[in-house]
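The values are calculated or read from the model by the stated rules, or taken from the named source; none is laboratory data. It should be emphasised that the depicted structure is a prediction, and the values quoted were computed from it without experimental measurement. Glycine gets a Cβ as well: all are built from the backbone with ideal geometry, and neighbour counts include every protein chain shown.
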Amino acid sequence: MIKQQILNFLILILSCITPLCAVSSSEAISQSLKQSPDIENGRKIYALCANCHLDNGWGKPDGSFPVIAGQHPNVMLKQMDDIRSRNRENPTMYPFSDAKTIGGEQAIIDVITYIAALKPSSSPGKGDGTRLAEGKKLYQQRCQQCHGNKAQGNNEALYPKLQGQHYAYLLRQLKGIRDGYRKNSNPVMNTEVKPLADNELEAVADYLSRL
Ligand code: HEC
Ligand code: HEC
């Protein structure tokens, strides 16, 4: 009997350290932000991230790894929580972002505070530059109300900064969101992106990579 109770208790603990037990993102974010960051610890953890995102956080111009330097901390916190709970598919990063590799929520706060303070990229990968006027128009009509007139994003509202992100990464995310592969996206944004054709997404991604 006692053995059974211990077993149940262990099962409960185990299920709570799996993604299924994760609290909703906004709740987790407001809880997490009460903790104060240890930037030195963030720098140590970042050595692992630098394998892909590079020492300066600029990723790769071919878009395989995004720029994360200077991204809003709340946005990164949500992405990290989503990646950890498998709400955002990112198999390449799973082994490097799990709690058992880098630590719990405090470790995430530490590392993203470090990354948010890095200088944004000055040389993101760009598109072919042929449809920038169309890209600008589409952006102003459909995207600017959330991401801002310079695509600077909004930390409080969890709108990512898009300015100076690699073209190929932006395009991959936009197609993933439009076609339903990126599950964690904002529902209002989904309706803005859904009607756009590939060449319109290319135009808007090119425009953003040059801001
Ligand atoms: C093995 C390579 C790899 C490592 C190591 C890695 N990442 Fe990533 N990361 C990626 C890839 C690839 C993506 C983009 C995935 C996609 O296309 O959706 C990404 C995306 C992200 C994003 C989301 C960016 C956005 O704009 O939404 C954040 C935040 C991030 N990584 C932070 C980190 C942190 C913090 C670490 C270290 C603890 C880390 N990454 C380690 C490969 C890696
Ligand atoms: C209703 C507000 C809203 C509108 C309108 C909107 N977005 Fe977003 N966008 C968001 C939010 C919120 C996210 C982050 C979603 C998440 O949590 O993963 C996001 C994510 C993105 C991403 C992924 C960023 C990354 O770093 O991975 C891209 C690219 C993007 N938006 C581009 C656009 C473009 C282009 C348009 C217009 C066609 C647009 N958005 C319209 C709110 C919006």
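Taking the range 115-129 only, how many residues are charged (D, E, K, R) and over 17 Å from ASP55 (Cβ atoms)? Full working, then the answer.
Within the range 115-129, the first condition is being charged (D, E, K, R), and the residues that meet it are 119, 126, 128.
From what's left, over 17 Å from ASP55 (Cβ atoms): 126, 128.
Qualifying residue count for the region: 2.
If I filter the range 98-110 for residues that are over 18 Å from LEU170 (Cα atoms), charged (D, E, K, R) and buried (at least 20 other Cβ atoms within 10 Å of the Cβ), do I get at least one hit? So far as the range 98-110 goes, yes, one or more of its residues are over 18 Å from LEU170 (Cα atoms), charged (D, E, K, R) and buried (at least 20 other Cβ atoms within 10 Å of the Cβ). Among the residues of the range 131-150, those identified as in a helix (DSSP H, G or I) and in contact (Cβ under 8 Å) with a residue 40 or more places away in the chain are LEU132, GLU134, GLY135, LYS136, LEU138, TYR139, ARG142, CYS146. Restricting ALA99, ALA157, ALA117, ALA151 to residues that are touching a helix residue (DSSP H, G or I) at 6+ places or on another chain (Cβ under 8 Å), among the aliphatic types (A, V, I, L, M) and at positive phi narrows the list to ALA151. Pairs meeting the criteria (first residue in the range 162-185 and free of Cβ contacts under 8 Å to residues at least 12 places away in the same chain, second residue buried (at least 20 other Cβ atoms within 10 Å of the Cβ), beta carbons under 7 Å, at least 6 apart or on different chains) are SER185/ILE177. One residue stands out among those in the range 49-72 that are surrounded by 20 or more Cβ atoms within 10 Å (Cβ to Cβ) and not in a loop (DSSP other than H, G, I, E, B): the one that is nearest to ligand 1 (Cβ to nearest atom), which is CYS49. Of the residues contained in the range 95-111, none is found to be modelled with pLDDT of 95 or more, more than 11 Å from ligand 1 (Cβ to nearest atom) and within 25 Å of PRO61 (Cα to Cα).
Among the residues of the range 156-166, is there at least one that is within 16 Å of ligand 1 (Cβ to nearest atom), in a loop (DSSP other than H, G, I, E, B) and of a type in the set (Asp, Glu)? The answer is no, given that none of the residues of the range 156-166 is within 16 Å of ligand 1 (Cβ to nearest atom), in a loop (DSSP other than H, G, I, E, B) and of a type in the set (Asp, Glu). On the stretch given as the range 81-94, residues that are more than 11 Å from ligand 2 (Cβ to nearest atom) and not hydroxyl-bearing (Ser, Thr, Tyr) total 5. Among the residues making up the range 74-121, those that are charged (D, E, K, R), over 15 Å from ASN41 (Cα atoms) and not in a loop (DSSP other than H, G, I, E, B) are LYS78, ASP81, ASP82, ARG84, LYS100. VAL67: at pLDDT 95 or above, away from ligand 2 (no atom under 16 Å from the Cβ), closer than 22 Å to GLU156 by Cβ and not assigned by TED's automatic domain parsing to the domain that holds TYR167, yes or no? The answer is no for VAL67.
Taking every residue in the range 67-84 that is within 10 Å of ALA117 (Cα to Cα) and pairing it with any residue that is crowded, with 22+ Cβ neighbours inside 10 Å and of a type in the set (S, T, N, Q), at least 6 positions away or on another chain, the pairs with Cβ-Cβ distances below 7 Å are ALA69/SER121. Return yes when ARG142 is under 16 Å from the mean Cα position of the chain (by Cα) and either within 9 Å of ligand 2 (Cβ to nearest atom) or closer than 22 Å to ASP82 by Cβ (or both) and no when it is not. Considered against the rule, which asks whether it is under 16 Å from the mean Cα position of the chain (by Cα) and either within 9 Å of ligand 2 (Cβ to nearest atom) or closer than 22 Å to ASP82 by Cβ (or both), ARG142 comes out as no.
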